[in-house]
Structure formats: C-alpha cells, structure tokens
C-alpha cells in the first residue's frame, strides 16, 4: 500500500484482459517466438539440433524475472536481458537463441499476438452486450416513451427502440473490430530495418528460404499472412487503427451511459442498484447512477488515447525511432484494459436495467398534447377545416398552454383549450393523443433490428456466462 496501484488492474478490468498484458504472458510469448524461429531455421537447414529446441521448449514459462531485471540494469536492453536469462536456463541452446533476429522480432510479433487476442476478447464482450440490449429491447418493444431531440420533448418512441439505438452503435463498432482483426498480420522475420539482410546472410543468399522462413514463423504464430513491408517495426499505423476501433466502443458506451443518466434523472429508468448499496455518504436517499458515470469516466480515458497513437505514427522517422516504445507500453495495455472495464459495466447495466412504466407514462402525458398537434391538425383538416387557419389556432393555444405550465406550474391544458374551440369540434381529441398510435413503426423496427442485426451477431458469438464479469467495486 506504499506504491501507486493501477486501478484498471485492481478495480475495473477483467483478470482475463489483465493476463494478456502481464509480464509472464508477454515474456513467455517472447520465448515461444524464439522457439518458433529456431524450429523454422532448423527446418530450412541451419545447424540447429533437436535437443537445443527441446531445451528451449522446456523453459518457456519458468522465467527468472529477478535475473532478467539484473541483466537489464547492467545491459540497459530488455530483449538482451531476456536472451541471457533464457540462455542461462538453456546453456546448450544459448548459441542459437535469437539467431538472425532483431529485438522487434520478439517485441513486435508479441504485441501483434496480444493485440489479436485482446481484440477477440473485446469482440466477445461487445457481442454479449448487444445480446443483452436486444433482450431488453424485445421486452419493452412497444412501451411508449417521450422522444427527445436537442434534449427537448419530441415525437414519442418506445423504450425498446431507444435500446436498439444503443445496440446498433455497438454493432457498427463490432464491424470495425472484426475488420481490424482480419487485417492483422505478423511482422515475422523482417530483420533489423525490414530488409531481411541478416537472414539472407544466414541462408547464403537464398531468397526463397528467407521468404519461406518468414512464412513458417508467421504460421507458428497463428497468422496466415505477414505485412508486405516494414521498417524495424510494423507500421505504427496498425496501433492507431486498433485504437480507433476501441475509441468507437468507448464513444458508443459513453453515449448510452449518458442517456441512462438522464433517464435516471427523470426517474424513468435505472441501472441496477443493490440492496446494501450506498448512493451518498451524506444523502442517504440517493440512488446515483454510479455505473453509468464510471462508464463515462473510463470511456473518456480511452478516447483521450487516440491522439497518442496518431502522434506516434507521425513521428516514426525513416525506418524507426524509439520514442514509440515507452508510449506504447502505456497506451496499448491501458486502452484495452479501460475498454474491457467499460464493457463489464455496460453488460452489468444492460442485464439489470429497471424500467418504471408509470413514471414514463406520466412524463409522456404531460407533453403528449403538444406531440399530438400534427395528428390533430390532420384530423381537423379532414373534417373540413382550413389547414393554415387551424395551424395558427393550434400555435396560439399551444403557446398559451405552455405559458401556464412554465410560468404558473399548472398542468398542460392544451386539449381543454382545443376542445373549447369550435374549429376542432369534429376531432376526437382523446383518440389523437393515444400514445400507442404516435410511436410509428417503433415496435416493428425493434423486431426487424433483432432479426437483421442482432440475430447474425448471436450466431457468430455464442453467449457464454464467462463473459459476465462480476463487478468488484
């Protein structure tokens, strides 16, 4: 408790995402890459013995991190520190560890593997959240509620259709995440500045073997393709594109969480609130939307990282400069951890949102006369009235009713005013304000959205209970 602790690890993100960016996983992957390199080089005829490869395989996971730290302090080079640490455990294989490779062989290829696995985890969680929002949308597909534009009362919609707006944003994000996954490649064995000169030397100028080595190592990493050209590193444009996709998820979650916070203020909808949960240390009655607020806070953090990856791309001089390294150690893990935390919260809310239909109906009734004026106008015209004259009468009555509400705090009496006006004598005013008739195709759009958008996502991603990560705080 005497040192700073990253709250993304201790409070918010899942153990699964944290593990992907752990030192153990990172450096075990380095060692697996060294094994893959040795195996491929041996397969292509370099003098690497089977017992050397076996020795490397036997020590992939038992890493002496204290020894590696001692070497790094002495050598000021993290990769060589681990080469020597691995070599002490595998003395017979020491001469062939990292043969022909540059540091970015292990660092960049490992990052690509981690990015791939982290993207898959995010995709699964986005899909699970869409699934839960879909269930919520179906349950409330035809529950009329006041719509808002400019955060001002507008034409009614339904609670279920509004949830579809949230889910569709995530569906668009999922498309981007999946695209980024399909575009990921291995850097594989590109060499010190990307020219593969060291490997060409190892294979006595045999270009075909150098290309085959690159292919073999990539396949052992689980990739079916490599980047066409690289400098010392794979293009940092890749990191920026991945961050763009994560930022997409963050913005979608922030928007939905903001909506939920506003609806909680209106007492129409609430996020889950546990039996012993305390909303305020001073105001005992409070039921603050703290999960939605936390989503917004974490999402803002993710969004703030987008400029950092863009700046890194822009400042990679020539074949590479090292100012990317320290920045990426912070940005990539933390952007994924924060996105993971956002989705844990979003799933939790989507799975337990509480709707208050009576409050929704009351709030809708207060505004409904205004919402129905277009229908009333059409009905009055059909009864033989002049459209322009009727429009002016409705405008005058509406403004007078609004003044009563705003200036005197009285109920909306627009219907009473219209009923007393002979120009609207032929209109069934009460039928005109039937909320169920003012929501258009909202309920049908929910059904169509579930069938056409959510259904295919559910087919691609089997919902697992493991995706439901329990909140720690």
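In a solvent-free Debye calculation with one equal scatterer on each Cα, what is log10 I(q)/I(0) for segment 135-201 at q = 0.20, 0.21, 0.25 Å⁻¹, listed in the order of the q values? Scattering profile of segment 135-201, log10 relative to I(0): -0.87, -0.90, -1.00. For the chain, the longest principal axis of the C-alpha atoms and the axis of helix 237-265 are separated by about 30°. Placing one equal scatterer on every Cα of the chain and applying the Debye formula, the log10 ratio I(q)/I(0) at q = 0.07, 0.09 Å⁻¹ is -0.53, -0.74.
Using only Cα atoms, find the angle between the long axis of helix 357-371 and the longest principal axis of the chain, and express it within 0 to 90 degrees, rounded to the nearest 10. Computed tilt is about 60 degrees.
Put simply, when 247-254, 188-195 are sorted by average Cβ atoms within 10 angstrom per residue, most first, you get 247-254, 188-195. In this simple spin-label approximation, residue 198 and residue 405 carry label points 7 Å from Cα along the Cα→Cβ vector, and these lie 7.2 nm apart. Computed on the chain, with alpha-carbon pairs under 8 angstrom and 6+ residues apart, the relative contact order is 20 percent. Estimated from the Cβ-Cβ distance and a Förster radius of 35 angstrom, the FRET efficiency linking residue 326 and residue 351 is about 0.35. For segment 77-112, backbone nitrogen atoms closer than 19 Å to the point 7 Å from residue 51 Cα along Cα-to-C-beta are found at 87-97.
Summed over qualifying helices (DSSP H, 4 residues or more, each -39500 (n - 2.57)) and divided by its residue number, the chain shows a 222 nm mean residue ellipticity of -20500 deg cm²/dmol. Maximal additional length on extending the residue 183-residue 208 stretch stands at 6.5 nm, based on 0.36 nm per residue less the C-alpha distance. Highest mean packing comes first when the peptides 97-108, 149-160 are listed by Cβ atoms within 10 Å, giving 97-108, 149-160. Counting every other Cβ atom within 10 Å of each residue's Cβ, 345, 46 order from fewest to most as 46, 345. In terms of packing, defined here as the mean over residues of other Cβ atoms within 10 angstrom, the peptides 359-366, 311-318 line up highest first as 359-366, 311-318.
Estimated at 0.36 nm per residue, the fully extended path between residue 471 and residue 139 surpasses their Cα-Cα distance by 117.1 nm.
Can you tell me the 0 to 90 degree angle between the C-alpha axis of helix 159-183 and the longest principal axis of the chain, rounded to 10? Taking Cα atoms only, the helix is inclined about 20 degrees. Computed over segment 373-432, the alpha-carbon pair-distance distribution with 10 angstrom bins reads 25, 54, 19, 2, each value a whole percent.
The simple spin-label model puts a point 7 Å past each Cα toward its Cβ; for residue 60 and residue 300 those points are separated by 4.4 nm.
Readers should treat all values here as calculations from the given coordinates under stated rules, not as data from a laboratory. Worth saying up front: this structure is predicted, and the values here are computed from it rather than measured. All Cβ positions, even for glycine, are placed from backbone atoms using ideal geometry, and neighbour counts span all protein chains on display.
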